[in-house]
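Each remark here refers to the structure printed beneath this line.
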Amino acid sequence: MERTFPESVFFAKSRKCLARILNSVACAKPEVGYIQGMNFIGAVLLFHCGESLAFHLFIRLLDKYGISDVFLMPEMNGLEQHNREISRLLQIEMPDLFFHFIEKGVSLHLFTTEWIISLFLNCIPIELTSLYLDLFFDIGWPVFYLICIEVLRHYKPSLLLMNEASDIVG
């Protein structure tokens, strides 16, 4: 958990609370347990609403929004489903980038898996996560997909200039 927002003074003081949230989630949902990436979800919820509510919102994310399907081992069917949807949307929205990745042997999963597992919360400045979570709780996965596509659109000009898979992924 030391890698969860290491620069934040708030989290330096709140690691025990975060550990309790994650342990409680793992106990409440033993079929899910704990997967790396859940720490960012728990941390952002803790940052915005305190320990008890963070736990309850985390459980709601697992149950109502299908996040548990992302974490369920060994298949992680939800992870694969969301990766397929992002790939489908990229092919529609930016076919040139989609085919560039294929041509260079770059699997989109190399980008999107971490995004999905952390719900993008490890990438968004913590000050903006309340807006994002409000949208996610209201709309669900479509807002997540929109952000994925827009991030790729932002980096598209640079990505299209890269000819080596290691440069694209790096």
Taking only DSSP H segments of four or more residues, each worth -39500 (n - 2.57), what value at 222 nm results for the chain once the sum is divided by all its residues, to the nearest 500 deg cm²/dmol?
-> -23000 deg cm²/dmol
In degrees from 0 to 90, rounded to the nearest 10, what is the angle of the helix 51-64 Cα long axis to the longest principal axis of the chain?
-> 50
Straight-line reach check, LYS16, cutoff 28 Å on alpha carbons, 8 or more apart in-chain or any other chain, hits among lysines -> LYS29, LYS64
Take the Cα atoms of the chain, build their convex hull, and give its volume per residue in Å³.
-> 118
Quick one: helix 129-139 against the long Cα principal axis of the chain, what's the angle to the nearest 10°, folded into 0 to 90?
-> 80
About the Cα centre of the range 50-105, how large is the charge dipole given +1 on each Lys and Arg Cβ and -1 on each Asp and Glu Cβ? Please answer in debye to the nearest 20.
-> 80
For a paramagnetic label modelled at 7 Å from the Cα of VAL151 toward its Cβ, which residues of the range 76-110 fall within the zone defined by backbone nitrogen distances under 16 Å?
-> 79-80, 82-90, 107-110
Mind running the shape call on the range 64-109? Use the C-alpha gyration tensor, a ≥ b ≥ c as the square roots of the eigenvalues: rounded below 1.5 for a/c, prolate if a/b tops b/c, oblate otherwise.
-> oblate
Rounded to the nearest 20 debye, dipole of the chain from Cβ charges on Lys, Arg, Asp, Glu = 480
Partner aspartates and glutamates whose C-alpha sits under 18 Å from that of LYS104, ignoring same-chain residues fewer than 8 away, are ASP96, GLU164, ASP167
Summarise the accessible area of the chain (1.4 Å probe, protein heavy atoms) by the percent that is carbon and sulfur.
-> 58
Counting only protein heavy atoms and rolling a 1.4 Å probe, one gets per residue an accessible area for the range 102-170 in Å² of 54
So how tilted is helix 141-161 from the main axis of the chain? Cα-based, degrees 0 to 90, rounded to 10.
-> 40
Averaged per residue, what accessible area in Å² does the range 31-101 show with a 1.4 Å probe, protein chains only?
-> 46
Checked against the positive end of the charge dipole of the range 100-168 (+1 on Cβ of Lys and Arg, -1 on Cβ of Asp and Glu, about the Cα centre), the farthest of ILE102, LEU133, ILE147 is ILE102
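The values are calculated or read from the model by the stated rules, or taken from the named source; none is laboratory data. Being a predicted model, the structure only gives us computed values, none of them experimental. Here Cβ is always computed from backbone atoms with ideal geometry, including for glycine, and neighbour counts include all displayed protein chains. To get the accessible areas, we keep the full protein, side chains included, count just its heavy atoms, and leave off ligands, DNA and RNA. Shrake-Rupley method; radii C 1.70, N 1.55, O 1.52, S 1.80 Å.
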